[in-house]
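Report on the structure given below.
The values are calculated or read from the model by the stated rules, or taken from the named source; none is laboratory data. The model shown is predicted, which means the values in this text are computed figures rather than measured ones. In this analysis, Cβ positions are derived from the backbone assuming ideal geometry, glycine residues included, and neighbour counts consider all displayed protein chains.
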Amino acid sequence: HAKSSGANRYLFFNDTMNKQAVKRLQIENLIRHGLKEDYFTVFYQPKMDLLSGKVVGMEALVRFITPKGGLVSPGSFIPVAEETGQIVDIGTVVLRKACIDVKRWIAQGLFHGRVAVNLSAKQFMLPFLCDQIDDILQQTDLPSYHLELEITEGTVMQSPKLAIDTMKKLRARGIHLAMDDFGTGYSSLAYLKQFPLNTLKIDKAFIDDMSSARGRNMVDTIVTIAHNLSLSVVAEGVETHEQLEQLRKLRCEIIQGYYYSKPLSAEDFAAFLVEQKKQRPKVALL
Ligand code: C2E
Ligand code: MG
Ligand code: MG
Ligand code: MG
């Protein structure tokens, strides 16, 4: 009988471990299925210029559509996808869809900025990354200057010299580069100045801390570092008007967060752009 067998008892006592492994395998299978059946979609969150009050760009954020039509955020599947390497295929899907959507909004006269797409470490390390991006831009007929890529400190610090080469190649195409979640990983200032970046994105954790003087000092410091390196600064995860006002005082140029808008489906984002176009600038700010 199963219950009395030693092997099964062992499994029983390792239930948590076992459940995790099963869960991981389920997610891996779901991702594979999702890639085949086109269950991945892209949401967009606007980035607003604090001076003009205008939408200057948006971040593309992947979502998984469940069979019942629900949406799953990346937190639960990106870690698995990173491990299995499926993130590379997911990333390709996101990049293509983002280029197609933005191309349409540009053609409709609704937008003329940049779309920012997140790149995972595995994607960034692909030897054919630049060729792949070239192909997608060509296929979707999107000029490269409408594209921005977000990479993390962890990604570039895995192999800084190689990362600098890749970043230079991307910049040579007119693609902008942002360092995402800045301040949460490990990167030296010595490297930071060597990375051909355009933008630093201050991680939400620092924005959350702005209720304290120490926290505000930290953000002040990050903004100063960015400006000394001639980089623009985006604050992510801005949720309150108070945070917005503090960031404005600290001369942060661009904000992204629920205060302004949650990530929206392509359809809702288009409607948002239409609304923006009607509004006079600054109305959204005051
Ligand atoms: P991220 O690149 O730092 O993206 C910002 C995350 O913060 C998004 O979560 C966004 O929905 C969330 N966020 C924005 N404003 C606020 C706010 O005011 N309050 C709160 N609480 N959250 C806010 P999301 O969409 O769940 O994505 C999580 C992470 O998953 C991303 O962090 C990024 O690292 C990764 N990710 C998302 N899409 C992709 C993708 O296409 N490829 C790769 N490689 N990674 C992706
Ligand atoms: Mg990002
Ligand atoms: Mg981020
Ligand atoms: Mg973040």
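Which one is nearest to ligand 2 (Cβ to nearest atom), of the residues in segment 105-119 that are in contact (Cβ under 8 Å) with a residue 40 or more places away in the chain and in a helix (DSSP H, G or I)?
Ranking the qualifying residues of segment 105-119, first place goes to W105.
Let's see how each residue does on (1) touching a Pro at 6+ places or on another chain (Cβ under 9 Å); (2) farther than 28 Å from K168 by Cβ:
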position: V62; (1), (2): yes, no
position: G69; (1), (2): no, yes
position: A81; (1), (2): yes, no
position: D89; (1), (2): no, no
position: V102; (1), (2): no, no
position: G113; (1), (2): no, no
position: S120; (1), (2): no, no
position: Q138; (1), (2): no, no
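State which residue pairs qualify: first residue under 17 Å from M48 (Cβ atoms) and inside segment 201-218, second residue more than 9 Å from ligand 1 (Cβ to nearest atom) and in a strand (DSSP E or B) in any location, beta carbons under 6 Å apart, and separation of 6 or more residues or different chains.
The qualifying pairs are K201/A178; K201/F182; K201/V234; I202/F182; I202/A235; I207/A235.
Out of the residues in segment 181-210 that are small (G, A, S) and modelled with pLDDT under 95, which is farthest from ligand 1 (Cβ to nearest atom)?
So the residue we want is A190.
Can you name every residue in segment 238-258 that is within 16 Å of ligand 4 (Cβ to nearest atom) and surrounded by fewer than 18 Cβ atoms within 10 Å (Cβ to Cβ)?
Hits for segment 238-258 are E239, Y258.
Quick check, is T16 modelled with pLDDT of 95 or more and either within 16 Å of ligand 4 (Cβ to nearest atom) or surrounded by fewer than 19 Cβ atoms within 10 Å (Cβ to Cβ) (or both)?
Numbers: modelled with pLDDT of 95 or more: no; either within 16 Å of ligand 4 (Cβ to nearest atom) or surrounded by fewer than 19 Cβ atoms within 10 Å (Cβ to Cβ) (or both): yes.
So T16 fails the test.
When the residues of segment 89-109 are filtered to those that are surrounded by 18 or more Cβ atoms within 10 Å (Cβ to Cβ) and more than 17 Å from the chain's Cα centre (by Cα), which remaining residue is nearest to ligand 4 (Cβ to nearest atom)?
W105
When you scan segment 77-96, how many residues do you find that are under 23 Å from I254 (Cβ atoms) and away from ligand 3 (no atom under 16 Å from the Cβ)?
1
Could you grab me the full set of residues in segment 154-166 that are over 19 Å from G183 (Cβ atoms) and without any contact (Cβ under 8 Å) to a residue 40 or more places away in the chain?
S159, K161, L162, I164, D165
Tell me the residue from A235, A213, A178 that is within 15 Å of ligand 4 (Cβ to nearest atom), over 27 Å from V88 (Cβ atoms), of a type in the set (A, V, I, L, M) and modelled with pLDDT of 95 or more, please.
So the residue among A235, A213, A178 that is within 15 Å of ligand 4 (Cβ to nearest atom), over 27 Å from V88 (Cβ atoms), of a type in the set (A, V, I, L, M) and modelled with pLDDT of 95 or more is A235.
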